[in-house]
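First the structure, in the form of structure tokens, and then the observations on it.
What follows is calculated from the coordinates using simple rules that are stated; it is not laboratory data. Because the structure is predicted, anything quoted here is derived from the model rather than measured. FYI the Cβ positions are ideal-geometry reconstructions off the backbone, even for glycines, and counts take in every protein chain you see.
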Amino acid sequence: MRRDRQGGGGMVLASFIVALALTIMPLPDTLELARPEWMIMVVVYWVMALPERVGVGIAWIMGLLLDVVRDALLGQYAITLALIAFIVIYMHQRLRVFPVWQQALVVGMLVILQYILVFWIKGLTGELPSFWKMLLPAVSSLIFWPPVFLLMRQIRRRYQIS
């Protein structure tokens, strides 16, 4: 029996909560610079898989939560995640047919885009960002995208989220 259209909303929410928890989980200083952008990966997956249910508004809310937990200027992660969601919605039909390794490259570029925008905002407030703070999370997100994608796809299929 097929579930109704709204089925699986709890699992989508749970995945965002896990991404938020992984974002604030303490790491050793050596690994902190290379922390993957879990929230971007989850937003990209759900926007790519369910563009009619998860879109710019959800990304904006998740970005506001990131602003709060990262103690950032309110709105900086919200605007970047909303922009990323908009880009993925625009490209979702193409992204869905890309092999996972090409999707990983796109995710890496989206992480770089987020960091460029965040660094621009920080530059306006007087902070001087580092190049490595942009490159290492993009590389680690690129590496972690295939297992995250496969896990999220398995969850979506198991719980028949559509």
| query | Using a Gaussian network for the chain with springs between C-alpha atoms less than 10 Å apart, which of these wobbles most: 14, 34, 49? | reply | 14
| Can you give the angle from 0 to 90° between the axis of helix 38-49 and the longest principal axis of the chain, with both taken from C-alpha atoms, to the nearest 10? | 30 degrees
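Let me have the 222 nm mean residue ellipticity of the chain computed from DSSP H runs of 4+ only, each contributing -39500 (n - 2.57), with the sum over all residues rounded to the nearest 500.
Working: 7 runs with 120 residues, N = 162.
Calculated at 222 nm, the ellipticity per residue is -25000 deg cm²/dmol.
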| query | Picking from 76, 102, 114, which is most flexible by a Gaussian network model of the chain using Cα springs under 10 Å? | reply | 102
| task | For a quick protection proxy, order the peptides 21-32, 148-159 by their average other-Cβ count within 10 Å, most packed first. | result | 148-159, 21-32
| field | Charged-residue dipole, Cβ positions (Lys, Arg, Asp, Glu), the chain about Cα centre, Debye nearest 20 | value | 800 debye
| request: Among (i) 9; (ii) 15; (iii) 29, find the value of percent of Cα pairs over 29 Å apart that was calculated from the structure presented, and write down its label. | output: (ii)
